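**Q** Please read through the structure below; I'll follow up with questions.
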Amino acid sequence: AYRYRSRAAKNQRVCAVATPELVAPDEVVAVQEAAALVTAFLTEQVPEQREVFVLAELEGLSGPEIAAALGTKLNTVYSRLRLVRRQFARVVKRSRAHAQREMRHASAR
C-alpha cells in the first residue's frame, strides 16, 4: 500500500507539471502592450482618481464598496470614476489610432 501511494503521488506531481499551454507570440506582445498602456495611464492620474479606477476596474469593487473603503461619499466616487473612465477611453482610442497608422505605414512598405 505504501509503494502504491508513493507511486501515485509521484505520478500526480508529474502530471500537474507536464505540459504548459503554448501562447502565440503575438498574444504575448498584445498583453504586454496593454499592460504598458494601463500602467502609463495610471501613473499620470492623480491619486484619488487612480484609487477609484483600480478598485473599480481592476479589483471589481462596486461604487458603494469603494466609497466605504476610501471613506468617501458615493457621489464623489461615481464622479471620479466617470472622469477617469472617459480619460482612459481617450487614451485607448489614441493608442488604437496610432497602431492602425503604424500598420498602414508598415504595409505600404
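**Q** Name the pairs whose Cβ atoms lie under 7 Å apart, with the first residue in the stretch 70-85 and surrounded by 15 or more Cβ atoms within 10 Å (Cβ to Cβ), the second assigned to a loop (DSSP other than H, G, I, E, B) and of a type in the set (S, T, N, Q), and 6 or more positions between them or separate chains?
**A** From the stretch 70-85, the pairs are 84/45.
**Q** Something else: Residue check: is residue 67 farther than 20 Å from residue 92 by Cα and in a helix (DSSP H, G or I)?
**A** The answer is yes for residue 67.
**Q** Inspect all residues belonging to the stretch 42-57 and state whether any of them is small (Gly, Ala, Ser), modelled with pLDDT of 70 or more and either closer than 18 Å to residue 78 by Cβ or in contact with a Cys (Cβ under 8 Å, 6 or more places away or on another chain) (or both).
**A** yes
The values are calculated or read from the model by the stated rules, or taken from the named source; none is laboratory data. This structure is a prediction, so every number in the text was calculated from the model and none was measured. Cβ sites come from the backbone with ideal geometry, for glycine too, and all protein chains shown count toward neighbours.
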